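Step one of this worksheet: look at the structure below.
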Amino acid sequence: MEVDTTEKGKGSERWSSAITNLSEMAANLDSLQKLLVKKAVYVDDETFAKASISSEQARTIKLLEQRVETLERELDAAISAAARARNEKRQAEAAQKAAELRSLEVTKELENTTSKHLPLQF
């Protein structure tokens, strides 16, 4: 029997706390409703439609601006990559020219060496 009395006491405490919470929530809702009524702006359908269109256009503009920024970053990256490629091409061309010149030098040296060691024929 004592267990039942203790559980009933806890149960009524919970109900009391729940009722208090509900009362506080009701008071908060009333305050919120009064605030909304005071601060609310009521407009006619035409004004609302214009505001909606303006809002949609603002969102579209923001999305387009973000897309432009993304495209600008991609363009900058492409320009940098092209500059690196041009630089690498110049270096490769310079290396090729140096190799061709060295090849000519070696060929001339071989020709000179070969002509010096050949016996003279009369």
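The values are calculated or read from the model by the stated rules, or taken from the named source; none is laboratory data. Here the structure is a predicted model, which means the values were calculated and not measured. Because the Cβ atoms are built from the backbone with ideal geometry, glycine has one as well, and the counts that use them run over all protein chains shown.
Is at least one residue of the stretch 93-104 under 39 Å from the mean Cα position of the chain (by Cα), surrounded by 10 or more Cβ atoms within 10 Å (Cβ to Cβ), modelled with pLDDT of 95 or more and part of a helix (DSSP H, G or I)? Give the steps one after another, and end with the answer.
Going residue by residue through the stretch 93-104, those that are under 39 Å from the mean Cα position of the chain (by Cα) are 93.
Adding the requirement that they be surrounded by 10 or more Cβ atoms within 10 Å (Cβ to Cβ) leaves 93.
From what's left, modelled with pLDDT of 95 or more: 93.
Retained after the next criterion (residues that are part of a helix (DSSP H, G or I)): 93.
Scanning the stretch 93-104, I find at least one residue that is under 39 Å from the mean Cα position of the chain (by Cα), surrounded by 10 or more Cβ atoms within 10 Å (Cβ to Cβ), modelled with pLDDT of 95 or more and part of a helix (DSSP H, G or I), so the answer is yes.
Filtering the stretch 38-68 to residues that are acidic (Asp, Glu) and either at positive phi or exposed (fewer than 10 other Cβ atoms within 10 Å of the Cβ) (or both) leaves 44, 45, 46.
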